[in-house]
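Structure, as structure tokens:
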Amino acid sequence: MIVFSPEGKAPSAAGKVASIARFASLKGKTVGILDNSKPNADRLAERWAELLKERYGVASVITRRKLTAQQGAPKHYLDELAGQADFVLAGLGD
């Protein structure tokens, strides 16, 4: 799993990724959505799921909602998403 951080720090040589795998298609893929629990984030996540299924053929969606936007996601959420999803959308906002 590749994790991108929005912290804005310059990557160190140890943290560089040689290449990023890209899907030729999203058809049949499973997407994970990590909802940050801010207002309307659940509605946005739901709409993303609909669009990804309708337009790109995503087969299934796994959604997990953080308890609060200020805390990190529980480890078992991250483990579930990493184990079941082909890619994950996170960082939804207001």
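The values are calculated or read from the model by the stated rules, or taken from the named source; none is laboratory data. What you see is a predicted model; the values in this text were computed from it and never measured. Note that we place each Cβ from the backbone using ideal geometry, even for glycine, and neighbour counts take in every protein chain shown. Accessible surface areas use protein heavy atoms only, side chains included; no ligands, DNA or RNA. Shrake-Rupley method; radii C 1.70, N 1.55, O 1.52, S 1.80 Å.
Residue pairs whose Cβ atoms lie under 6 Å apart, sitting 6 or more positions apart in sequence or on different chains, and linking a residue in the range 67-83 that is open to solvent by less than 50 Å² (accessible area, probe 1.4 Å) to a partner that is β-branched (Val, Ile, Thr), are LEU81/VAL88.
Looking at THR68, is it in contact with a strand residue (DSSP E or B) (Cβ under 7 Å, 6 or more places away or on another chain) and either at pLDDT below 90 or part of a strand (DSSP E or B) (or both)? Spelling it out, it is not the case that THR68 is in contact with a strand residue (DSSP E or B) (Cβ under 7 Å, 6 or more places away or on another chain) and either at pLDDT below 90 or part of a strand (DSSP E or B) (or both).
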